[in-house]
Amino acid sequence: MTPEQLSAEIAQCLKAAVAAQVLPSMAAEVEVVVERPRSREHGDWATNIAMVLAKPAGLSPRDVAADLVLRIEKLA
């Protein structure tokens, strides 16, 4: 999977989270950037989208990330 494909899938999950009223509507418009983490032991790809959306959503970054993980797993 390319970073662009992963970004598109995360964006799709964000739209679903907005539709489910888990995230505010602005979350569907946020640009999703996926890149290689500095440390290889942190995984293949990384994004800061949970950090970006946590405050506007009134949630912790961990809660935002957990919701997105569940949605991404359903795509696989």
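The values are calculated or read from the model by the stated rules, or taken from the named source; none is laboratory data. Here the structure is a predicted model, which means the values were calculated and not measured. Backbone-built Cβ (ideal geometry, glycine too); neighbour counts: all protein chains shown. These area figures cover heavy atoms from the full protein model, side chains too; ligands, DNA and RNA do not enter into them. Shrake-Rupley method; radii C 1.70, N 1.55, O 1.52, S 1.80 Å.
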Quiz item: Taking the range 1-27 as the region of interest, how many residues are touching a helix residue (DSSP H, G or I) at 6+ places or on another chain (Cβ under 7 Å), open to solvent by less than 90 Å² (accessible area, probe 1.4 Å) and within 18 Å of Val69 (Cβ to Cβ)?
Solution: 10
Practice problem: Starting from the range 31-46, keep only residues that are touching a residue at least 40 places away in the same chain (Cβ under 8 Å) and on the phi < 0 side of the Ramachandran plot, then list their pairs with residues that are surrounded by 12 or more Cβ atoms within 10 Å (Cβ to Cβ) and not acidic (Asp, Glu) whose Cβ atoms are within a distance under 8 Å, requiring at least 6 positions of separation or different chains. | Solution: Trp45/Pro3; Trp45/Leu6; Trp45/Val34; Trp45/Arg36; Trp45/Pro37
Exercise. Could you please find all residues in the range 30-44 being closer than 17 Å to Glu9 by Cβ and either within 12 Å of the chain's Cα centre (by Cα) or hydroxyl-bearing (Ser, Thr, Tyr) (or both)?
Key: Val30, Glu31, Val32, Val33, Val34
Exercise. Give the residues of the range 47-76 that are open to solvent by 50 Å² or more (accessible area, probe 1.4 Å), of a type in the set (Val, Ile, Thr) and free of Cβ contacts under 8 Å to residues at least 60 places away in the same chain, sorted by residue number.
Key: Thr47, Val52, Val69
